[in-house]
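Have a look at the structure below, then the notes.
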Amino acid sequence: MNKTITYSVLITILALLLVNFFHYEKPLNLSQYELKQEFAIKHTASVDHSKFDILQQNFKTPQDVTEACLTCHNQRHEEIMHSSHWNWDRVDYVEGKGISKLGKKNVLNNFCIGASTNEQACAKCHIGFGMSHNTFDFNNARNVDCMVCHDKSEEYIKGTSMAGYPDRNVNLNRVAQNVGRPDKINCGACHFYSGGGNNVKHGDLEEALLACDRNVDVHMAANGINMDCVDCHSADKHQIKGKLYSVSSTNVNRLRCEECHTNKPHLDDVLNRHFSKVSCQTCHIPIYAKENSTKMAWHWSEAGKLDESGNPYHEEDSLGNHTYLSIKGEFEWAKNVEPEYMWFNGNAQHYALGDTVTSVPVQVNKLLGSAEDVHSKIYPVKVHRGDQIYDPNTKMLIQPKVYAEAKGDSAYWKDFDWKLAAEAGMKGVGLPFSGEFEFIETEMYWPINHMVSPADQALSCEDCHVRENGRLAALNDFYLPGRDKNDWIDLLGNILLWGSLAGVFIHGLARLINGFKRKELESK
Amino acid sequence: MKQVYIYKKFERFWHWSQAALILFLALTGFEIHGSFSLLGFEKAVLFHRIASYMLLALIAFSIFWHFTTGEWKQYIPTISKLKDQIQYYTVGIFKNAPHPTIKSANKKLNPLQAMTYLGFKLLMAPVMILTGLLYLYYKTFDVNDIIVVSDIPLEWIAWAHTLGAWLLMAFIIVHVYMTTTGHSVTTNIKAMITGWELLEDEDENSTEKNEGDNQKEEKQ
């Protein structure tokens, strides 16, 4: 009787333990919940600009609007004029280059190549008015464009090839009275459309973010927490937090996920430990370009083909993306792209105008980092590949002049003559051109930071910890459990294992046979 | 021949739970190693870690048990009859020769066993535990905090741990096979399950007292 009771008690305890062990209810991640509550409260304007007398006037020029702004915000122009959005360069200490100024003024990319000598068109994305040449006065506060970032009327747009001036149809009075904290479209007007169209450059920043669901971006989703760019990219004294590595080179003033999410965001300690080597983005942005295609390759070498009547033409793919443009060359596009992965420590080395090419493909913005470096983490990266014009004698990438209003001004997009475009472009930036040119392969790197997926779509362990074809298959400068093994140890192990099995099998067989023999002998 | 109570309750519990844990650790461990896919990497890691803590606790208890009961003395290596024992396994066993050593509660292990298990306890287990702990706590902290064991490359730790796992597998195969070399094929396994083993009579004086104790203990 006693035994029965003891056993039933023991079995009950065991059953309870097993139920506890195997039952798993996902606990609430409190810090995540708190963040959602915090950002659920949306910003409301503290003043109504339409009630200010000074904004009631009939503005003739956009500069008049800026002057009106500065009557109250009378120091803000100073902040702007110290920003990289205004200066198009940034003073940094760069390893190997010393103190240097880097920015759109002097780095090249492998999309439209460079802004220099094409300012009239490229300055559409400059926060100033009248940057038509490299003679723009960066000290004139009147030319600061407040409206492009602060317009809330959604009416303000910059004119095409108007050196940064607004489109002639913009009603400056209405815009001036409807200013405030920047919305997604204020940032997106430039950052979504850079490179000549939606999502061309970034891959993870595009107009779909203006109204997307959580599957596209958990932060900006209209049916989610609906955050604005500036919720994270805060802009104390107009110095906007965050770095874009097409033009940035140092590990300062970066914007990191952990500023909100802390460096231990998971409830699982093993996941949290990945933090020291794996960026959040790596697992949480499994794919980018989720809604619209992004440009993956751009071959300038194919540019210049004209149709029968001698006119430039274009070709499109089934999604409406340009695959060929006479003025620009051949493109490759992709949607729902798996990123490539690289070690990155927040520092980058740029090809700046006048640098000598030392390796092919030219890495126009090489991301620095390695597994050995304690400051490096694995990041997802969009790699944009292409070819572009190059001087084999000076070993320099060429800044071509592509834009002009009319033919006969050496611009490639009008005259389709590379030699003239190279000559004019290099002259404009004060660099030599030998008269010869060819096309050289280039790569450009875009760390992926946006389009964060819902947690259940994040990468799982097996996406990397797998013997073959994992996401990190190409990153083989470190030991990754599940992927890597020492072939010698495994060979030795297999010999040991199978050798032991064979040994005991033979030994056992020999015993059996001897046993039978003995029995036979005994029976005889 | 008579039935002798040779393996005590804790000893049997320790042996079988250790066996189960080691087999489970091998299953999950080789999945982590990438040898096959069964539970999924995440669960394999989680269960491997849980099982490793359980094994550590068990080992702590068993060390305590060995020292408090004096059972540790069973593992003192001896070379007397070691040669005979090897000769028995390689030659004598086929000729139905008698066991060169006689098993008793005081002398559970033959010289070859004592040597092997001592190696297991002093070399194999510590290597697995040490590399396992280094693996468990590898780079626990972020670069901004203190870094633990950042100077030992993970691959060294992993290699040593894997090599140990292979050795353990080979040990298990041979160990299980050797259990069939008792009086009958299942004598040894039965003994490890029930505690009682059919043994040859030994020198009366040395066993009687002990046996009496054991029987008493069992009744309690």
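Some values worked out for this structure:
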quantity: Percent RCO, i.e. relative contact order, over chain A, from Cα pairs under 8 Å lying at least 6 residues apart; calculated: 13 percent
quantity: Potential extension, A:Asn215-A:Phe52 segment - 0.36 nm per residue separation minus Cα distance; calculated: 54.5 nm
quantity: Computed [θ] at 222 nm, deg cm²/dmol, chain B (DSSP H ≥ 4; -39,500 (n - 2.57); rounded to nearest 500); calculated: -20000 deg cm²/dmol
quantity: Helical segments meeting 30 Å axial Cα length and Kyte-Doolittle -0.5 threshold in chain B (DSSP H); calculated: B:9-33, B:41-69, B:154-178
quantity: Long-range Cα-Cα pairs in segment B:2-219 (distance over 33 Å), rounded percent; calculated: 28 percent
quantity: Cα pair distances exceeding 20 angstrom across segment A:295-399, given as percent; calculated: 57 percent
quantity: Folded to 0 to 90 degrees: helix A:2-22 orientation relative to chain A principal axis, Cα; calculated: 20 degrees
quantity: Simple Cβ-charge dipole of segment B:2-219, Lys/Arg +1 and Asp/Glu -1, about Cα centre, in debye nearest 20; calculated: 280 debye
quantity: For chain B, the longest site-free run once chymotrypsin sites (Phe, Trp or Tyr not before Pro) in DSSP loop states with at most 12 other Cβ atoms within 10 Å are removed; calculated: B:37-136
quantity: Alpha carbon centroid spacing (whole Å) that separates segment A:346-395 from segment A:36-62; calculated: 42 Å
quantity: Cα-projected label distance for A:Gln457 with B:Ile152, points at 7 Å along beta-carbon direction, nm; calculated: 4.1 nm
quantity: Top positive-direction residue, dipole computed over segment A:371-451 with Cβ charges, set A:Trp413, A:Met451, A:Gly428; calculated: A:Met451
quantity: Charge dipole (segment A:15-57, unit charges on Cβ, about Cα centre) - positive-most of A:Ser46, A:Phe22, A:Tyr33; calculated: A:Phe22
quantity: Cα lying deepest toward the dipole's positive end in chain B, options B:Thr181, B:Ile50, B:His66, charges on Cβ; calculated: B:Thr181
quantity: Average Cα contact separation per residue, segment B:2-219, under 8 Å, 6 or more apart, as relative contact order %; calculated: 29 percent
quantity: Over chain A: helical MRE at 222 nm, DSSP H runs n ≥ 4 each giving -39500 (n - 2.57), nearest 500; calculated: -8000 deg cm²/dmol
quantity: Rel. contact order, % - alpha carbon contacts under 8 angstrom, at least six apart, segment A:238-342; calculated: 24 percent
quantity: Sites matching GluC sites (Glu not before Pro) across segment A:357-433 that sit in DSSP coil, with at most 11 neighbouring C-beta atoms within 10 Å; calculated: A:Glu372, A:Glu405
quantity: Gaussian network model of chain B, springs between alpha carbon atoms under 10 Å - residue of B:Lys95, B:Lys43, B:Lys190 with greatest fluctuation; calculated: B:Lys95
quantity: Alpha carbon centroid spacing (whole Å) that separates segment A:406-421 from segment A:199-237; calculated: 39 Å
quantity: All lysines inside 28 Å of B:Lys9 as judged from Cα atoms, apart from same-chain residues fewer than 8 positions distant; calculated: A:Lys3, B:Lys73, B:Lys103, B:Lys107, B:Lys108, B:Lys121, B:Lys190, B:Lys209, B:Lys216, B:Lys219
quantity: Relative counts (whole %) of C-alpha pair distances in segment B:1-62, using bins that are 5 Å wide; calculated: 4, 18, 22, 17, 12, 10, 7, 4, 3, 2, 0
quantity: Extended-chain gain in nm, criterion 0.36 nm per residue less alpha-carbon gap, B:Lys95 and B:Ala20; calculated: 23.5 nm
quantity: Cα-projected label distance for A:Asn74 with A:Leu497, points at 7 Å along beta-carbon direction, nm; calculated: 8.0 nm
quantity: Helix A:487-523 axis, angle to chain A major axis (alpha carbon atoms, nearest 10°); calculated: 20 degrees
quantity: Helix A:62-72 vs. chain A, principal-axis angle (Cα, 0 to 90°, nearest 10); calculated: 70 degrees
quantity: Largest-first principal axis extents, alpha carbons of the protein assembly as shown, Å; calculated: 120, 60, 48
quantity: Coil-residue trypsin sites (Lys or Arg not before Pro) of segment A:334-437, DSSP, other Cβ within 10 Å capped at 14; calculated: A:Lys395, A:Lys407
quantity: Straight-distance crosslink candidates among aspartates and glutamates, where the alpha carbon sits under 20 Å from A:Lys237 and sequence neighbours closer than 8 are dropped; calculated: A:Glu67, A:Glu78, A:Glu79, A:Asp89, A:Asp92, A:Asp145, A:Asp151, A:Asp183, A:Asp228, A:Glu259
quantity: Efficiency of FRET from Cβ geometry, A:Asn2 and B:Lys2, R₀ 30 Å, rounded to 0.05; calculated: 0.45
quantity: At most 14 other Cβ within 10 Å, DSSP loop - trypsin sites (Lys or Arg not before Pro), segment A:211-263; calculated: A:Arg254
quantity: Size of charge dipole - the protein assembly as shown - debye, nearest 20, with Cβ of Lys, Arg +1 and Asp, Glu -1, no other charges; calculated: 2520 debye
quantity: Chain lengthening between A:Asp236 and A:Ile513 when straightened (0.36 nm per residue, less Cα-Cα); calculated: 90.9 nm
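Values quoted throughout were computed directly from the atomic coordinates according to the rules given, and no laboratory measurement underlies them. Treat the numbers as computed from the prediction; the structure is a model and nothing was measured. All Cβ positions, glycine included, derive from the backbone under ideal geometry; neighbour counts span all protein chains shown.
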